[in-house]
Amino acid sequence: MGGWPLLEIGCGRGIVVDHLRRQRIDCIGCDLAAVPVPDHLENVILDRTDFADLPFDRRHKIRGVLLCDVIEHLPEPIAFLDKVRTSLPALERVLLTVPARQELWSNWDQHYGHFRRYDLRLLRETLDAARFKPLHVGYFFHSLYLPALLFRGGRRSIAVKPPSLSWLHVIVGAALRVEEMILPATLLGTSAIIAAAVAR
């Protein structure tokens, strides 16, 4: 697999790790929770594990970290990011996604334990304060912004998980990928992404 070992922190049952490994990218994951790990990932997903407690040989090889919708759950994200930087001595890059735009705050955020939603300025400032150098930052899921804004006050209960409609997921996923190719990253969206380098 690729020679740039990645770690996804807060990986859940390993959907992202599984996808990356299928692309022949060397990626492992860890999660503090006890999660149902598929059999074929049991050697690369470590549940009930703090990233700082990973085996020495794994922790000291990690060059990139993925944090997919993690730091919005933390009361002190800067301290957490500082721990990521200092616990992984070979670390060079981090990639984070977060819920975006505080005006979209709803009871869904409260239900899922969010402390905040981020705009691009706050995201840059957070990474900079943790001694990471922002390289790229932008919004995504642009087409969902206006519906989320209009209906945020109507989210009085958590929606029941809908039946699996894989064909619909494929269509929506393709549409969102096209959207990302043609719309500017500064256009408002419901999520934000940042890539950053460790400041030396």
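The values are calculated or read from the model by the stated rules, or taken from the named source; none is laboratory data. Note that the coordinates shown come from a computational prediction; the quantities given were computed from them, not determined experimentally. Glycine gets a Cβ as well: all are built from the backbone with ideal geometry, and neighbour counts include every protein chain shown.
Could you tell me how many of the residues in the range 23-43 are charged (D, E, K, R) and either under 14 Å from E8 (Cβ atoms) or crowded, with 20+ Cβ neighbours inside 10 Å (or both)? Here the count works out to 2. Number of residues in the range 33-64 that are closer than 25 Å to A195 by Cβ and either assigned to a strand (DSSP E or B) or touching a Phe, Trp or Tyr at 6+ places or on another chain (Cβ under 9 Å) (or both): the value is 6.
So which residues in the range 181-200 are under 11 Å from Y139 (Cβ atoms), surrounded by 15 or more Cβ atoms within 10 Å (Cβ to Cβ) and either over 13 Å from the mean Cα position of the chain (by Cα) or free of Cβ contacts under 8 Å to residues at least 12 places away in the same chain (or both), if there are any at all? Scanning the range 181-200 gives L183, A185, L188, G189, T190.
Residues in the range 28-67 that are without any contact (Cβ under 8 Å) to a residue 24 or more places away in the chain and either out of contact with any Asp or Glu (no Cβ under 6 Å at 6 or more places or on another chain) or aromatic (F, W, Y) (or both): 15 in all. Scanning the range 11-48 for residues that are closer than 15 Å to L67 by Cα, touching a Cys at 6+ places or on another chain (Cβ under 7 Å) and not charged (D, E, K, R) yields C11, V16, V17, L20, G29, C30, I45. Against the definition (farther than 30 Å from R200 by Cβ, modelled with pLDDT of 95 or more and either hydroxyl-bearing (S, T, Y) or surrounded by fewer than 16 Cβ atoms within 10 Å (Cβ to Cβ) (or both)), how does E103 come out, yes or no? The answer is yes for E103.
In this structure, G10 does satisfy being among the small types (G, A, S), on the phi > 0 side of the Ramachandran plot and modelled with pLDDT of 95 or more. Across the range 70-87, the number of residues qualifying as out of contact with any helix residue (DSSP H, G or I) (no Cβ under 6 Å at 6 or more places or on another chain) and either surrounded by 15 or more Cβ atoms within 10 Å (Cβ to Cβ) or not acidic (D, E) (or both) comes to 12.
Every residue, every condition in (1) in contact with a Cys (Cβ under 8 Å, 6 or more places away or on another chain); (2) in contact (Cβ under 8 Å) with a residue 12 or more places away in the chain; (3) in a strand (DSSP E or B), yes or no:
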| residue | (1), (2), (3) |
| --- | --- |
| V94 | no, yes, yes |
| E103 | no, yes, no |
| R121 | no, no, no |
| G138 | no, yes, yes |
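For the range 159-171, check the following and say yes or no: at least one residue is at pLDDT 95 or above, under 20 Å from D69 (Cα atoms) and assigned to a helix (DSSP H, G or I). Within the range 159-171, none of the residues are at pLDDT 95 or above, under 20 Å from D69 (Cα atoms) and assigned to a helix (DSSP H, G or I).
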